[in-house]
Amino acid sequence: MLLRHTSKEVKERVGLTINPAKTCQPIGAMYAALGIHGCLPHSHGSQGCCSYHRSTLTRHYKEPVMAATSSFTEGASVFGGQANLLAAIETIFSVYDPDIIAVHSTCLSETIGDDLQQITRKAKDDGKVPEGKHLIFASTPSFIGSHVTGYANMVTGIASQFAVSSGIKKNQINIIAGWMEPSDMREIKRLSSVLGVKIVLFPDTSDVLDAPQSGKHEFYPKGGTTVAELQSSGDSLSSLALGCISAEPAAIALEKCCKVPFKTLDIPIGLTATDRFIMALSQAGGVTVPDEITADRGRLVDVMADMEQYLYGKRVALFGDPDQLVPLTEFLLDLNMKPVFIVSGTPGQRFEKRMNLLLNERTPETKFRNGIGADMFLLHQWMKNEPVDLLIGNSYGKYMARDEDVPFIRFGFPILDRIGHSYFPNVGYSGGLRLVEKILNALMDRQDRDALEEKFELVM
Amino acid sequence: MDSIGILEGRQKQIFEKKSGATQADIACDTSSLSGSVSQRACVFCGSRVVLYPVADAIHLVHGPIGCAAYTWDIRGAVSSGPELHRLSFSTDLQEMDVIYGGEKKLYKSLIELIEQYKPKAAFIYSTCIVGLIGDDIEAVCKKVARETGIPVLPVHSEGFKGTKKDGYKAACHALMQLIGTGSTQDISKQSINILGEFNLAGEAWIIRQYYEKMGIEVVATLTGDGRIDAVRRAHGATLNVVQCSGSMTWLAKEMEEKYGIPYIRVSYFGIEDMSKSLYDVAVKFPERPEIMDAAKQIVSEEVKTLYPSLQKFKKALTGKKAAIYVGGAFKTFSLIKALRSIGMSVVLAGSQTGNKDDYARLKEMCDEGTVIVDDSNPVELSKFILEKGADLLIGGVKERPIAFKLGIGFCDHNHERKIPLAGFVGMYNFALEVYQSVMSPVWQFAPRKGGSL
């Protein structure tokens, strides 16, 4: 009973977060930057930040994760980090030779007042950025928002600092990926290609964080959105932003700088969110939906019908990041399950609004909370008071699942103790199918485990 | 990658042992160059790893959420009882706290925590921005200690204020506040503290058992399976036995100065060093010759069963080459010996935080042609592994996937070891793990080994 101290009585806490359902901005920025081809993320702060982010991403992906750091010392913190960053930029271009350096800030550099816009401009003015190379930045103070905010800020930085408008439109659609796995990005590209729509997807961590065993350590793996693609995004017909928190800010930036209109959608997790994505993409690209995709959809609906009796009314607790939780909640409702407790450490009112819209009619008893005070301790307390049938969340859910003896599905970030997320998507109809399979396996394995001998059934 | 060379300014931190070459000292104990892809961490990380295994204290991270989130239960330091150390507590500082200060939030968090968990003590870790916004943590801790009656100890671990080593020192400083506050009544004259052993995968239990079998009382393990009450009476021990040179030598020196307790440095990895660490302790208690007899008996019994069981591995591994890149240099010495005992040679040896003496000794120990590095990075590691034809890399979390991408075996000798590698049984486990990984059939499918379509 690792969480034996969790008390049933829910008391409003004033200052304290116990077992957080979020982490800080810079890791999101680092992850986003890895989705640009030939890009070396750079952490402008103490050495530990960079090391922790790389370790966490490595544990999640089981891949090498390359990133540099300004290695702040006491002097830098007194006199400002400009000298460190300028030196770092020079070192990185001369030794590691990336196409792009994507700098993000940390709580330390933000608090001492380093202005990344000014410092990166100075670096360019001083000729520290070689011809044909790029230096971009995003401000990611750790004391605001969460890792999701940091991801959004870096994606916005990528959009606004690369996109150019040539005045001639290109027959292509931008898809701005909300926080999702390399497998999901690969699936988005596959769906677009089956639909016959040319897209620019960014960021794109497929072939970066799911790289094959090659006998070499590729410092810059072959994947990632290219600079040419990013620059051309300013000429695209429109943008689809997948996720109102992690992707929409970049779409807004593109509209502002290059007048590319956009539409915000959910990350296509589950049936209806995928429907909306396919419809929006086919409309934006002016294509009809091919039979192949209709058949994919049909298979998902078929399974949902076949197994509806095992899903009905099952109470689910879930935690994670808002852009994933919203469509996941919708999918659970479509499966006739009851998402009763939902927690996200990421603040923002959009989450509350969307959840209210989704849940008010169908499961008004659902408790959800995000931002300050929304941590796993609270979720565990809720589960103790009103037990659930299933828990869905990142690896840290395993403590609650064990203590409460509840079936558990790993979903979200980070997943430190299982594989699969890098390779099998959660998005699209096939992703939906995978989720239904996981849910059913978890529930039915439990049913088998607990069944009395006479009720232990072969055919289910 | 082939075009990426060695970072300018790093040449002095790399050394290749050649006969007749000038024996310049390796440069170390320096901070990393800005812009390097270093494998190192920060001051906070150092403090956190040292204090983390104290299982009946709360560990509250005062700062934005990240520092608490990234260090939540990632280190397998096991406890035989309470497990408060495996939870994550943070003041989750927000923008307003950065502007107006976080002292109130810290105070309230501490009160809430202590009420909820009834811990034996509390450690409060300062993170980078706490050092900047000027929170008087010391004062808050004193106030809470007064009100709750438990020790509330600030750990000055602002990330930028040095290297991981400074973090070790900050942690030891906090421990020093506790040591000396408990009763030393009934502590035997033949007693020790085990320092720098963090009970990863239960290693401290193994070591403790050996010493107890010898008739020695272990007063406290610092900090593996640690308990506040044991720490408080640690000054009653006769001898400090220090493993892991970087993290706890400072504490041993402080205890020597303040309480007159002498210390010795040991290592529990490999047959040779493990045996020596029992003998070296026994020697310190000449008044009880049966202690040395017991040590001899333990070693002879253990080696009698261990030695034959290693031969299978040795046969398979003879002639294979290893690369070592770990946190502290002291561990490297043992690993070189342990690897030699299973027929393997070391072609690359390095550490994140070794000092001058460490590297001097390393140079002496290594074979010709061995590359020695301080504060290395993935490019260098990959380069030397390929050039030297290593079959195994020993390292930590960030090094593992590099080894696997290159298509060579790996052994985690850091937080993420899943089985004990210390002690005699640990030597068997180590050999088994190395054997499993190096001899795995998977490498034959790697393109570099001709395994492509």
For the range A:300-454, which semi-axes, largest first and in whole Å, follow from the square roots of 5 times the eigenvalues of its Cα gyration tensor?
-> 22, 18, 17
Hey, what's the Kirkwood Rh for the range A:170-293 if you take every pair of different alpha carbons, in angstrom?
-> 14.9
Positive minus negative residues near A:VAL10 (Lys, Arg vs Asp, Glu; Cβ under 14 Å) | +1
Go through the range A:443-460 residue by residue and turn each phi into a ³J(HN,Hα) via Karplus (6.51, -1.76, 1.60, θ = phi - 60°); whole Hz please, and just put x for glycine and proline.
-> 5, 7, 4, 5, 4, 5, 4, 8, 5, 5, 4, 6, 9, 7, 9, 7, 9, 10
If contacts are Cα pairs under 8 angstrom and at least 6 residues apart, what is the relative contact order of the range A:1-133 in percent?
-> 27
Using alpha carbons only: equivalent-ellipsoid semi-axes of the range B:221-306, gyration tensor based, whole Å | 25, 16, 12
Given the Cα-Cα distance of B:GLN311 and B:GLN444 and 0.36 nm per residue of separation, how much length would full extension add, in nm?
-> 45.5 nm
Using the Cα atoms as the points, what is the convex hull volume per residue of the range B:318-417 in Å³?
-> 86
Once Lys and Arg are counted +1 and Asp and Glu -1 for all other residues with Cβ under 9 Å from that of B:SER382, the total becomes +2
What average number of partner chain Cβ atoms lie no more than 10 Å from the Cβ of the residues making up A:395-406?
-> 1
log10 I(q)/I(0), Debye, Cα-only the range B:141-286, no solvent, q = 0.09, 0.11, 0.16, 0.19 Å⁻¹?
-> -0.28, -0.42, -0.86, -1.17
Packing-based order for B:178-188, A:212-222, B:220-230, using average beta carbon neighbours within 10 Å, highest first = B:220-230, A:212-222, B:178-188
Restricting the count to DSSP beta bridges whose residues both fall in chain A, what percent are antiparallel, rounded to a multiple of 5?
-> 5
At R0 = 41 Å, FRET efficiency that the Cβ-Cβ distance of A:SER7 and A:ASN441 yields, to 0.05 | 0.80
Using the 10 angstrom Cβ neighbour count as an exposure proxy, how do B:MET427, B:MET176, A:MET444, A:MET337 rank, fewest first?
-> A:MET444, B:MET176, A:MET337, B:MET427
Got the relative contact order for chain A handy, in percent, Cα pairs under 8 Å and 6 or more residues apart?
-> 18
For the range A:372-388, Karplus-derived ³J(HN,Hα) couplings (6.51, -1.76, 1.60; θ = phi - 60°; whole Hz; x for glycine and proline) come out as 4, x, 8, 10, 6, 4, 4, 4, 5, 4, 4, 5, 5, 6, 9, x, 10
Mind ordering B:362-374, A:65-77 by average Cβ neighbours within 10 Å, highest first?
-> A:65-77, B:362-374
Within 10 Å of each Cβ of B:70-76, how many other protein chain Cβ atoms are there on average?
-> 4
Within a 10 angstrom radius of each residue's Cβ in A:363-375, how many Cβ atoms of other chains show up on average? Whole number is fine.
-> 1
Listing A:VAL316, A:VAL78 from the residue with the fewest other Cβ atoms within 10 Å to the one with the most, what is the order?
-> A:VAL78, A:VAL316
Dividing the convex hull volume of the alpha carbon atoms of chain B by its residue count, what do you get in Å³ per residue?
-> 162
Taking the highest mean first, how do the peptides A:149-155, A:411-417 order by number of other beta carbon atoms within 10 angstrom per residue?
-> A:149-155, A:411-417
Hey, how many Å between the Cα centroid of the range A:268-291 and the Cα centroid of the range B:413-453?
-> 47
From largest to smallest, what semi-axes in whole angstrom does the range B:43-178 give when each is the square root of 5 times an eigenvalue of its alpha carbon gyration tensor?
-> 20, 18, 14
At R0 = 41 Å, FRET efficiency that the Cβ-Cβ distance of A:LYS124 and A:THR294 yields, to 0.05 | 0.25
Proxy reagent accessibility, fewest Cβ within 10 Å first, across B:ILE264, A:ILE144 = B:ILE264, A:ILE144
The range A:1-74: mean projected area of Cα convex hull, nm² = 7.9
Quick numbers on the range A:133-221, Rg and Dmax over C-alpha atoms in Å, give 15.4, 45
Sort out for me the Cα centre separation of the range A:64-117 from the range B:300-315, rounded to whole Å.
-> 51
Got a sec? Charge dipole of the range A:115-267, +1 on Cβ for Lys and Arg, -1 for Asp and Glu; which of A:GLN172, A:VAL148, A:ALA211 is way out at the positive end?
-> A:GLN172
Value of [θ]222 nm, deg cm²/dmol, for chain B, DSSP H segments ≥ 4, -39500 (n - 2.57) each, nearest 500 = -13500 deg cm²/dmol
CD proxy, 222 nm, chain A: helix-only mean residue ellipticity via -39,500 (n - 2.57) per DSSP H run with n ≥ 4, per residue, nearest 500, stands at -13500 deg cm²/dmol
What's the local net charge at B:LYS104, with K and R +1, D and E -1, over the other residues with C-beta under 12 Å away?
-> -1
Simple Cβ-charge dipole of chain A, Lys/Arg +1 and Asp/Glu -1, about Cα centre, in debye nearest 20 | 580
Any chance you could list P(r) for the protein assembly as shown, counting all Cα-Cα pairs in 20 angstrom bins from zero, rounded to whole %?
-> 14, 45, 34, 6, 0
Percentage, to the nearest whole number, of Cα pairs in the range A:1-141 over 20 Å apart | 51
Cut-off 14 Å, label 7 Å out along Cα→Cβ of B:LYS108, residues of the range A:373-388 by amide N = A:373-374
Evaluate the relative contact order of chain B (contact order divided by residue number), counting alpha-carbon pairs under 8 angstrom at least 6 apart; express in whole percent.
-> 17
To one decimal place, what Kirkwood hydrodynamic radius in Å is obtained for chain A from all pairs of distinct Cα atoms?
-> 23.0
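Any read-out appearing in this document is the output of simple, stated calculations on the displayed coordinates, not a laboratory observation. Being a predicted model, the structure only gives us computed values, none of them experimental. Here Cβ is always computed from backbone atoms with ideal geometry, including for glycine, and neighbour counts include all displayed protein chains.
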